[in-house]
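Trainee: Okay, here's the structure, questions in a sec.
The values are calculated or read from the model by the stated rules, or taken from the named source; none is laboratory data. Remember, predicted model here, so these are calculated numbers, not experimental data. FYI the Cβ positions are ideal-geometry reconstructions off the backbone, even for glycines, and counts take in every protein chain you see.
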Amino acid sequence: MSPDGPWWRHAVIYQVYVRSFADSDGDGIGDLPGVRSRLAYLRDLGVDALWLNPFYPSPQADAGYDVSDYRDVDPRFGTLADADALIADAHAHGLRIIVDLVPNHTSDRHPWFRAALAAPPGSRERARYLFRDGGGPDGSAPPNNWMSNFGGRAWTRVTEADGSPGQWYLHLFAPEQPDLDWTNDEVRAEFHDILRFWLDRGVDGFRIDVAHGLAKDPEMPDLGAGYATGGQAVEGHPHWDLDEVHDVYRGWRRIADAYPGDRTFVGEIWVADPARLARYLRPDELHTAFNFTFLVAPWEAGALRAAVDESMTELAEVGAPATWVLSNHDVTRHVTRYGGGAVGVRRARAAALLMLALPGGAYVYQGEELGLPEVEDLPGEVRQDPTFHRTGGIEPGRDGCRVPLPWSGTEPSYGFGPGAASWLPQPAGWAELTVERQAGDPSSMLSLYREALRHRAALPALGAGTLTWLPAGGDVLAFGRDPGFVCVVNAGDRPAAAPPGVRDARLLLASGPVGDDGTLPPDTAAWYTT
Ligand code: NOJ
């Protein structure tokens with residue numbers, strides 16, 4: 001083991017959104033052989049592990065987060081043999097593999113849900129999900145006022161086997177994603193078995209979807225004023241972040257700990273209070289969680305520093321490392337969030353150096369190393385996210401951050417697949433952003449990520465550990481990492497003088513042109529050794 005502890009305490013993990021990464025067979029949808037063919041790129045980028053979004057058999061009502069078989073691979077993405085080959089090849093390239101586990105809900109085509117629909121109210125088959133009688137004299141009112149995260153209500157009424165209008169079932173996401181009842185022993189046992197299935201195949205860990213959502217208040221009270229369906233949950237919510245959920249993770253941790261090789265869990269946990277987040281990372285629960293407090297912070301020195309401080313203080317209480325995240329497949333890409341255009345790119349470059357210098361691990365969402373912006377002008381007809389459709393287009397949805405990667409050439413699909421096909425259209429301007437174009441350009445975003453990751457791997461100061469804030473004025477953040485490293489970020493829109501501590505330090509890497517006297521241009525970060 002390295003002096004920094006097990007790998008997950010300091011790893012840089014690259015998120016592979018499989019359907020948009022690389023397409024091996026020309027159907028316009030990325031697949032596991034496509035990922036396998038690009039492992040050398042990921043190794044050379046310098047990341048430690050890959051997190052693969054769901055590739056299991058699924059009707060794709062929510063891009064694979066509606067799983068109909070947890071122990072196989074969807075033919076669109078390959079075969080189980082392809083998954084095995086990818087795991088083996090990734091390991092041979094020195095890359096670990098984290099797979100996505102979706103325990104809050106199944107697909108409505110999962111054999112369990114089909115059986116539940118065919119069985120009567122009160123049956124063992126229905127008890128695996130959250131079926132309830134409706135309100136009003138004829139049961140035609142939904143059991144409560146909960147809303148789906150994707151818009152519309154969170155309940156759908158079924159037709160019973162005899163053709164009569166029947167019970168309602170809960171779906172916190174799309175109607176095609178019925179929620180499981182996690183008080184049910186069969187549900188718990190099934191997921192223990194699914195964990196073992198993938199651990200036996202050699203995966204290094206799991207990303208847990210909606211990890212804060214598995215337990216629901218059994219009384220199912222209405223959602224009160226002041227509580228929202230989406231965003232980061234606050235305490236007292238009837239279906240997010242209930243205390244009962246922790247017991248599930250204690251059981252999972254015991255399973256993972258029985259395997260060799262530091263298998264790990266990372267939770268997708270949207271809670272507002274970092275202290276509540278830390279509860280999931282107690283020593284007998286999950287190992288890490290995505291740090292959404294950092295992700296949602298605006299590009300502003302005070303807000304960024306507060307996000308770093310809050311996260312680190314609370315996680316230290318439970319001995320867990322932070323994981324820093326700027327983008328993923330559910331949020332607007334940060335080049336665009338930070339202002340778009342040249343300003344957005346400049347800030348994204350600085351943010352990368354900030355993130356990779358902070359203590360703990362980090363996530364890189366595919367394409368952020370190319371500086372891809374959100375594609376905001378996708379026409380409605382090509383959009384596939386249920387959020388877009390369930391809100392009648394009021395919410396644009398998440399397709400704009402899921403457009404297939406540009407690898408090479410000057411025309412779509414820019415090397416994504418063997419032909420022109422890509423499941424979402426790629427913008428014409430992406431010829432400038434291909435891997436091929438950026439690889440040879442020392443000033444590109446790709447070169448910045450490669451350099452930063454190379455230094456990060458070589459410098460004992462980076463990765464696990466702590467930070468010390470250094471005095472710096474106004475819009476400037478400066479912190480030291482031991483031994484002998486300083487990161488300075490000017491998040492303001494005016495040049496800033498170098499803080500006193502770094503005037504004699506050696507400049508290692510910068511996201512923009514630093515002056516000879518150490519002056520940092522606006523929206524620029526720099527790394528120094530001291
Ligand atoms: C979070 C996933 O990241 C998102 O893509 C999905 O739609 C929801 N969970 C529901 O599974």
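Trainee: Scan ALA228, ALA215, ALA258, ALA233 and give me the residue that is farther than 18 Å from PRO103 by Cα, crowded, with 17+ Cβ neighbours inside 10 Å, in the same structural domain as ASP72 (by TED's automatic domain parsing) and not polar (S, T, N, Q).
Mentor: ALA233
Trainee: Name every residue in the stretch 369-391 that is more than 16 Å from the ligand (Cβ to nearest atom), surrounded by 23 or more Cβ atoms within 10 Å (Cβ to Cβ) and either in a helix (DSSP H, G or I) or of a type in the set (A, V, I, L, M, F, W, C) (or both), in order of residue number.
Mentor: GLU369, LEU372
Trainee: For the stretch 162-185, which positions are closer than 17 Å to SER58 by Cβ and either assigned to a strand (DSSP E or B) or not charged (D, E, K, R) (or both)?
Mentor: Passing the criteria: HIS171, PHE173, ALA174, PRO175, GLN177, PRO178, ASP179, LEU180.
Trainee: Out of ASP74, ASP82, which single residue is charged (D, E, K, R) and in a helix (DSSP H, G or I)?
Mentor: Among ASP74, ASP82, only ASP82 is charged (D, E, K, R) and in a helix (DSSP H, G or I).
Trainee: I've got another one for you. I need the full set of residues from the stretch 109-154 which are within 16 Å of the ligand (Cβ to nearest atom), among the hydroxyl-bearing types (Ser, Thr, Tyr) and either surrounded by fewer than 19 Cβ atoms within 10 Å (Cβ to Cβ) or in a loop (DSSP other than H, G, I, E, B) (or both), in order please.
Mentor: SER148
Trainee: Any residue that is within 16 Å of the ligand (Cβ to nearest atom), in contact with an Asp or Glu (Cβ under 6 Å, 6 or more places away or on another chain) and more than 30 Å from MET445 (Cα to Cα) - is there at least one of those in the stretch 277-296?
Mentor: No, the stretch 277-296 has no match at all.
Trainee: Which members of the stretch 86-100 meet the condition of being within 22 Å of ASP62 (Cβ to Cβ) and either assigned to a helix (DSSP H, G or I) or in contact with a helix residue (DSSP H, G or I) (Cβ under 7 Å, 6 or more places away or on another chain) (or both)?
Mentor: The one that is within 22 Å of ASP62 (Cβ to Cβ) and either assigned to a helix (DSSP H, G or I) or in contact with a helix residue (DSSP H, G or I) (Cβ under 7 Å, 6 or more places away or on another chain) (or both): VAL99.
Trainee: Here's a check for you: in the stretch 392-415, which residue that is within 13 Å of the ligand (Cβ to nearest atom) and part of a loop (DSSP other than H, G, I, E, B) is surrounded by the fewest Cβ atoms within 10 Å (Cβ to Cβ)?
Mentor: Among those that are within 13 Å of the ligand (Cβ to nearest atom) and part of a loop (DSSP other than H, G, I, E, B), it is GLU395.
Trainee: Scan HIS192, HIS212, HIS171, HIS239 and give me the residue that is within 20 Å of SER107 (Cα to Cα) and touching a Ser or Thr at 6+ places or on another chain (Cβ under 7 Å).
Mentor: Residue meeting the stated conditions: HIS171.
Trainee: Hey, another quick one. Give the stretch 468-507 a look and list any residue that's in contact with an Asp or Glu (Cβ under 9 Å, 6 or more places away or on another chain), of a type in the set (A, V, I, L, M) and surrounded by fewer than 20 Cβ atoms within 10 Å (Cβ to Cβ), or say none.
Mentor: ALA497
Trainee: Another one. Which residue pairs have Cβ atoms closer than 6 Å, lie 6 or more positions apart in sequence or on different chains, and pair a first residue in the stretch 41-62 that is in the same structural domain as LEU101 (by TED's automatic domain parsing) with a second residue that is of a type in the set (Asp, Glu) and not in a loop (DSSP other than H, G, I, E, B)?
Mentor: Taking only residues 6 or more apart or on different chains, the pairs are ASN53/ASP100; PRO54/ASP100.
Trainee: Kindly check whether there is at least one residue in the stretch 512-519 that is under 30 Å from GLY409 (Cβ atoms) and of a type outside the set (A, V, I, L, M, F, W, C).
Mentor: So far as the stretch 512-519 goes, yes, one or more of its residues are under 30 Å from GLY409 (Cβ atoms) and of a type outside the set (A, V, I, L, M, F, W, C).
Trainee: Taking the residues in the stretch 316-335 that are surrounded by fewer than 20 Cβ atoms within 10 Å (Cβ to Cβ) and in a helix (DSSP H, G or I) as candidates, determine which candidate is farthest from the chain's Cα centre (by Cα).
Mentor: Here the residue is GLU317.
Trainee: Hey, among the residues in the stretch 209-266 that are of a type in the set (Phe, Trp, Tyr) and in contact with a helix residue (DSSP H, G or I) (Cβ under 8 Å, 6 or more places away or on another chain), which one's farthest from ARG188 (Cα to Cα)?
Mentor: We begin by selecting, within the stretch 209-266, every residue of a type in the set (Phe, Trp, Tyr); these are 227, 240, 249, 252, 259, 265.
With the extra rule that they be in contact with a helix residue (DSSP H, G or I) (Cβ under 8 Å, 6 or more places away or on another chain), the set shrinks to 252, 259, 265.
Numbers: TRP252: 10, TYR259: 19, PHE265: 17 Å.
Among them, the one singled out is TYR259.
Trainee: Here's another thing I want to ask about it. Give the residue, chosen from LEU448, LEU453, LEU507, LEU477, that is modelled with pLDDT of 95 or more and within 23 Å of ASP4 (Cα to Cα).
Mentor: Values: LEU448 fails: within 23 Å of ASP4 (Cα to Cα); LEU507 fails: within 23 Å of ASP4 (Cα to Cα); LEU477 fails: within 23 Å of ASP4 (Cα to Cα).
After applying the criteria, what remains is LEU453.
Trainee: Still on this model: Give me the residue from the stretch 155-175 that is hydroxyl-bearing (Ser, Thr, Tyr) and more than 29 Å from the chain's Cα centre (by Cα) and, out of that set, farthest from the ligand (Cβ to nearest atom).
Mentor: For the stretch 155-175, the residue satisfying everything is SER164.
Trainee: Take the stretch 186-220 and flag every residue that is part of a loop (DSSP other than H, G, I, E, B), out of contact with any His (no Cβ under 9 Å at 6 or more places or on another chain) and more than 16 Å from the ligand (Cβ to nearest atom).
Mentor: Scanning the stretch 186-220 gives ARG201, VAL203, PRO218, GLU219.
Trainee: Return the total of residues in the stretch 300-315 being touching a residue at least 40 places away in the same chain (Cβ under 8 Å), surrounded by fewer than 17 Cβ atoms within 10 Å (Cβ to Cβ) and in a helix (DSSP H, G or I).
Mentor: Number satisfying all stated conditions: 0.
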